Amino acid sequence: MPDTARRLVVIMLFDGVDLLDVTGPPEVFSLALRETEEAAGYRVLLAAATTDPVTTGAGVRVLPDVTFAEAAAGAIDTLIVPGAVEVDAERRVHPLVDPRLVEWVRVLAARAHRVASVCVGAHLLAAAGLLDGRRATTHWSTARRLAADHPAVTVDADPIFIREGDVWTGAGISACLDLSLALIADDLGEAVALRVARQLVMYLKRPSGQSQFSAPLEQVSTTRRVEDLRHHVLRHLDTPLTVADLAAYAHVSDRHLTRLFKTELGMTPHAYVESVRVEKARQELESSDATLERVAALCGFGTTDTLVRAFRRRLNTTPTEYRRRFRLPARH
């Protein structure tokens with residue numbers, strides 16, 4: 001395996017591993033290559049104890065590319081550690097933590113620029129000592145177990161993913177897609193991650209926040225007129241964007257515009273505009289130090305009172321509390 005591979009992503013494989021944890025991230029990284037003018041440079045390798053086929057928890061067999069020992073021979077940009085569970089007779093979920101696998105996590109993590117766990121893979125990171133003194137998340141069903149087994153880890157079961165320095169932890173199985181998008185944003189910028197999310201027909205950005213905070217930045221529309229209106233809204237958030245304004249832009253009546261939005265997006269024009277403004281405000285609160293007055297102006301709320309009311313209505317929190325909980329760490 002060449003040491004010069006740019007942005008080499010190694011995903012650990014083992015019997016019983018959750019299939020989506022393994023297959024989801026490569027799909028996201030491959031779309032990053034499609035959505036960039038220059039080659040994104042991701043290369044994904046599946047590594048296991050041997051190169052024999054591995055049977056996943058879904059019963060699907062997956063063929064590793066390299067062994068753990070071969071993967072450890074060179075530098076790794078991103079090590080992804082998925083998880084596996086077993087369910088007992090009372091339908092309780094238990095994470096599988098093989099000591100031999102934990103040792104390989106330690107070895108491979110030492111060769112990696114950053115490490116990310118998916119779902120109950122956090123239990124493997126914790127057993128390897130990689131989460132000591134850090135805040136981390138995992139699937140809600142095993143969060144208490146993680147906290148009990150590893151008191152040196154601050155477990156927060158609410159966020160979709162958490163970044164603590166060069167260690168990332170993701171929550172439920174499908175959160176591997178959100179986590180992968182966040183890794184792409186970290187490498188290639190938010191614009192590329194945005195385009196990848198559109199290809200996945202996903203949320204353009206679900207920040208490292210609770211799923212209850214997850215509202216789509218982009219709704220799926222089937223007509224060119226509504227698609228054009230959506231992009232018009234995104235480009236002009238700091239303008240009034242009333243129903244009359246949007247109807248005039250689309251050259252339709254107010255009533256016809258409302259009917260279009262309800263049919264295509266399942267909501268009124270006013271509700272859609274507010275949802276997009278809230279999402280934009282969330283991005284600003286997560287990634288900038290702008291004052292609430294500035295955020296309100298940028299996103300078209302006009303006043304901080306209007307911004308606060310929209311956050312309470314849609315997210316059941318305040319902008320200040322949201323920023324306190326979900327402010328992204330500064331990059332160094």
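The values are calculated or read from the model by the stated rules, or taken from the named source; none is laboratory data. What you are looking at is a predicted structure, and each value in this text was computed from that prediction instead of being measured. Using ideal geometry, Cβ is built from the backbone for each residue, glycine included, and neighbour counts are taken over all protein chains shown. Keep in mind that these areas ignore ligands, DNA and RNA; they rest on the heavy atoms of the full protein, side chains included. Shrake-Rupley method; radii C 1.70, N 1.55, O 1.52, S 1.80 Å.
Observations on the model:
- Using alpha carbons only: equivalent-ellipsoid semi-axes of the chain, gyration tensor based, whole Å: 39, 22, 18
- Under Karplus coefficients 6.51, -1.76 and 1.60, residue-wise ³J(HN,Hα) of region 128-134 in Hz, glycine/proline x: 7, x, 7, 10, 4, x, 10
- Dividing the summed helix terms, -39500 (n - 2.57) for each DSSP H run of n ≥ 4, by the number of residues in the chain produces a 222 nm estimate of -13000 deg cm²/dmol to the nearest 500.
- Looking at region 108-185, the DSSP beta bridges with both ends there are about 45 percent antiparallel.
- The mean sequence separation of alpha-carbon pairs under 8 Å and at least six residues apart, normalised by the residue count of region 232-332, gives a relative contact order of 24 percent.
- Dividing the Cα radius of gyration of region 109-171 by 2.2 N^0.38 Å, with N the residue count, gives 0.96.
- Relative packing of 151-157, 141-147, which averages over residues the other C-beta atoms within 10 Å, highest first: 141-147, 151-157
- Distances between placed amide hydrogens fall under 5 Å for Phe301 paired with no residue 5 or more residues away or on another chain.
- Residue of Gly24, Gly121, Gly165 that the Gaussian network model of the chain assigns the largest fluctuation, springs spanning Cα pairs under 10 Å: Gly165
- When each of the peptides 108-115, 276-283 is scored by the mean number of other C-beta atoms lying within 10 Å of its residues, the order from highest to lowest reads 276-283, 108-115.
- Over region 12-77, relative contact order from alpha-carbon pairs under 8 Å, at least 6 apart, %: 36 percent
- Mean Cα-pair separation over length for the chain, i.e. relative contact order, pairs under 8 Å, 6 or more apart, %: 12 percent
- Dipole orientation for region 254-332: of the candidates Leu298, His256, Tyr322, Tyr322 has the Cα lying most toward the positive pole (charges on Cβ; Lys, Arg +1; Asp, Glu -1).
- Square roots of 5 times each gyration tensor eigenvalue, C-alpha, region 37-133, largest first, Å: 24, 17, 14
- For the chain, the longest principal axis of the alpha carbon atoms and the long axis of helix 254-265 meet at an angle near 10°.
- Once backbone amide H atoms are built at 1.01 Å from N, Arg135 has Thr154 as its partners under 5 Å, excluding neighbours fewer than 5 places away on the same chain.
- Highest GNM mean-square fluctuation among Pro53, Pro159, Pro25, for the chain modelled with Cα contacts below 10 Å: Pro53.
- Against the chain, whose longest principal axis is taken from its Cα atoms, helix 19-34 shows a tilt of about 60°.
- Computed over protein heavy atoms with a 1.4 Å probe, the carbon and sulfur contribution to the accessible area of the chain reaches 51%.
- Cut-off under 5 Å, modelled amide H: who pairs with Ala58 long-range: Leu19
- For region 155-169, putting each phi into the Karplus relation 6.51 cos²θ - 1.76 cosθ + 1.60 with θ = phi - 60° gives couplings of 8, 10, 7, 7, x, 5, 8, 10, 10, 10, x, 9, 10, 10, 10 Hz, in residue order, rounded to whole numbers and with x for Gly and Pro.
- Quarter of the Cα convex hull surface for region 221-332, i.e. its orientation-mean projected area (nm²): 7.6 nm²
- Karplus-derived 3J(HN,Hα) values for region 311-319, using 6.51 cos²θ - 1.76 cosθ + 1.60 with θ = phi - 60°, are 5, 5, 5, 9, 10, 6, 8, 10, x Hz; glycine and proline are entered as x.
- Antiparallel %, DSSP beta bridges [both residues in the chain], to 5: 35 percent
- Most mobile listed residue (Leu194, Leu292, Leu183) in the chain, GNM with C-alpha springs under 10 Å: Leu292
- Euclidean distance of C-alpha centroids, region 252-306 and region 110-126, integer Å: 37 Å
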